[in-house]
Amino acid sequence: MKLWLKMLLTGTTLFLSMGAVVSAQTTFDWRSDWAVADGFTIVEDTTGYHFPSAIAFVPEPGPDPKDPLYFVTELRGTLKVVTNDRSIFTFAENVFQFKPTEELPSGQGQGGMGGICLDPARGYIFVTFLYTDANGRMRNNIVRYQSKPGTFSLQPEGFIAFTEVFAGYESGLAHHIGACQVVDDQLFVGIGEAWQPHLARDIEQMVGKIYRMSLDGKPLPDNPFYIDDDVTKARNYVWASGFRNPYAMQIVNGRVFVGDNGVGTDRFVEVQRGEDYGWNGQENSIHLRAAYVWVPSLAPTTLQYLPPDNMLLGADNAGKFFLGMAGSVRRGKMPGIVRISYDMEQSRVLAVPDYFLRFRGKQEQMVVAVAIGPDGLYFAPLYANQAGQTAVYKIVPDPTNSYPYRPLQVEDPRQIIRERGCLGCHQIRGDGGFGGAAGPPLSRELLIANV
């Protein structure tokens with residue numbers, strides 16, 4: 001029987017996604033792609049996005065159905081706003097010029113709009129992005145949109161770009177500008193080292209660092225390396241240096257936390273003003289000053305924090321960090337969200353971070369957009385699912401515990417060993433031992449013989 005006829009009779013449909021043909025039953029259940037911790041369920045909030053890369057909530061949305069609730073950036077330069085009734089509007093588009101030579105999942109497509117942060121008091125919306133200038137060189141930039149203070153609006157009232165701040169420094173795919181956060185009258189932003197590790201520790205370079213500026217893009221005199229008001233001098237903005245790709249950043253009560261994406265390993269670190277965190281291109285340098293190291297890498301993308309007095313996800317999750325992970329499905333490192341228990345008084349991680357959300361599908365996927373909303377923990381996968389849909393999902397408590405898939409339900413136990421950091425000291429059939437192979441090999445035949 002011909003393939004097309006057989007598919008017609010069996011109810012199977014073909015979907016074209018990112019250059020690959022994927023077969024799926026018309027009854028595809030999107031829940032089968034995701035596992036979530038006990039006591040929680042996942043619901044679909046909105047759908048209809050193209051490479052969603054970040055989410056930001058309006059802290060105190062207006063009461064009307066068409067008042068903005070949250071904003072979603074799309075990698076290729078569109079900013080969307082979702083209202084209380086879950087209508088989706090285009091707030092801004094064609095924000096910048098960046099056309100990849102190959103589209104995702106190719107590495108050549110890893111660039112574009114990466115971060116968003118809000119200043120409700122002034123109605124500012126900041127978006128960060130990688131673009132290509134008139135000479136074909138990659139640059140970082142920030143655009144600040146003016147909106148209605150407090151409740152924001154469906155359309156911008158104006159905008160300014162911070163082009164001059166970044167125009168003198170080249171950027172690079174994947175290792176470009178990312179997260180931003182407004183703290184009082186300050187704007188913090190993280191920028192990757194643009195594949196130039198030798199520049200990450202150089203305070204005269206606008207790569208591989210955390211930067212701090214005014215909400216108008218000006219340097220702040222109390223920055224640690226400030227010398228004058230020149231907006232073209234990187235050192236005037238540097239808050240801390242020596243990072244590879246600090247794409248995940250969160251500021252809690254004035255304390256700066258970063259998930260730094262390494263090569264084979266990653267780190268979670270509390271960042272101190274004016275300090276150097278040592279990335280020099282050597283793998284072991286990503287371990288410096290870390291509160292926790294993931295071995296092998298799970299690729300941090302975004303960092304959120306639930307205050308200790310916030311019972312949105314129950315008492316057990318109050319006071320925890322939630323770190324989005326891009327992972328790599330083809331390498332057995334699953335995308336998702338991990339929980340980090342961090343003692344703020346002792347400045348240390350209290351337990352091995354565990355998956356709160358885990359991707360369990362077979363196709364390529366990343367989790368790069370995570371945000372804490374008024375009624376749950378929201379996330380958006382980067383790629384469309386087997387049904388061709390890209391949605392924003394919401395994780396909420398479920399007293400019935402009826403969700404069918406849990407993070408520890410995996411087909412290969414070696415996956416858990418990888419994700420729990422065991423391969424830092426142990427090896428399984430030659431895989432691992434990144435920390436010097438201090439522990440005995442865990443391969444069945446060798447382990448049994450040793451015991």
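The values are calculated or read from the model by the stated rules, or taken from the named source; none is laboratory data. Since this is a predicted model, take the numbers as computed values, not measurements. Every residue, glycine among them, receives a Cβ derived from its backbone with ideal geometry; neighbour counts consider all protein chains shown. These accessible areas exclude ligands, DNA and RNA; they are computed on the full protein's heavy atoms, side chains included. Shrake-Rupley method; radii C 1.70, N 1.55, O 1.52, S 1.80 Å.
Some notes on this structure:
- For the stretch 309-353, the set of residues classified as of a type in the set (D, E, K, R), under 20 Å from I42 (Cα atoms) and out of contact with any strand residue (DSSP E or B) (no Cβ under 6 Å at 6 or more places or on another chain) consists of D316 only.
- Top-ranked residue of the stretch 115-165 - restricted to ones that are of a type in the set (S, T, Y) and in contact with a Ser or Thr (Cβ under 6 Å, 6 or more places away or on another chain), ranked as farthest from S87 (Cα to Cα): S147
- Residues in the stretch 208-233 that are out of contact with any Gly (no Cβ under 6 Å at 6 or more places or on another chain), under 18 Å from V256 (Cβ atoms) and not hydroxyl-bearing (S, T, Y): 10 in all.
- Residue within the stretch 138-161 that is of a type in the set (G, A, S) and under 27 Å from G281 (Cβ atoms) present: no
- G278 vs. criteria in contact with a helix residue (DSSP H, G or I) (Cβ under 9 Å, 6 or more places away or on another chain) and either open to solvent by 40 Å² or more (accessible area, probe 1.4 Å) or within 23 Å of R212 (Cα to Cα) (or both): yes
- Verdict on R330 being out of contact with any Lys or Arg (no Cβ under 9 Å at 6 or more places or on another chain), closer than 27 Å to Q110 by Cβ and without any contact (Cβ under 8 Å) to a residue 40 or more places away in the chain: yes
- Boolean, T73 is open to solvent by 10 Å² or more (accessible area, probe 1.4 Å), among the polar types (S, T, N, Q) and either out of contact with any Cys (no Cβ under 8 Å at 6 or more places or on another chain) or under 30 Å from Q186 (Cβ atoms) (or both): no
- Residue selection: V295 satisfies the criterion of being at pLDDT below 95, among the β-branched types (V, I, T) and in contact with a helix residue (DSSP H, G or I) (Cβ under 6 Å, 6 or more places away or on another chain).
- Within the stretch 336-369, being free of Cβ contacts under 8 Å to residues at least 60 places away in the same chain and open to solvent by less than 10 Å² (accessible area, probe 1.4 Å) holds for I337, V338.
- Only residues that are closer than 18 Å to G281 by Cβ and of a type outside the set (S, T, N, Q) were counted across the stretch 174-203, and they come to 15.
- Checked against the criterion of being part of a strand (DSSP E or B) and either modelled with pLDDT of 95 or more or buried (at least 21 other Cβ atoms within 10 Å of the Cβ) (or both), the candidates R273, R267 yield just one match: R267.
- Considering the stretch 246-264, and only residues there that are in a loop (DSSP other than H, G, I, E, B) and open to solvent by less than 10 Å² (accessible area, probe 1.4 Å), the residue that is farthest from C180 (Cα to Cα) turns out to be G262.
- Given (1) open to solvent by 10 Å² or more (accessible area, probe 1.4 Å); (2) under 18 Å from the mean Cα position of the chain (by Cα), number of the condition R201 does not satisfy: (2)
- The strands (runs of 3 or more DSSP E) falling completely within the stretch 101-183 that include 3 or more residues that are under 24 Å from Y70 (Cβ atoms) and open to solvent by less than 30 Å² (accessible area, probe 1.4 Å) map to 113-119, 124-132, 138-146, 177-183.
- Of everything in the stretch 315-331 that is assigned to a loop (DSSP other than H, G, I, E, B) and more than 19 Å from the chain's Cα centre (by Cα), the residue that is nearest to V295 (Cα to Cα) is G319.
- Residue in the stretch 52-69 that is under 24 Å from G388 (Cα atoms), assigned to a loop (DSSP other than H, G, I, E, B) and modelled with pLDDT of 95 or more present: no
- Only listed residue being open to solvent by 50 Å² or more (accessible area, probe 1.4 Å), over 23 Å from E364 (Cα atoms) and not small (G, A, S), chosen from K80, K66: K66
- Looking across the stretch 224-245 at every residue that is open to solvent by 50 Å² or more (accessible area, probe 1.4 Å) and of a type in the set (V, I, T), the one that is farthest from the chain's Cα centre (by Cα) is identified as I227.
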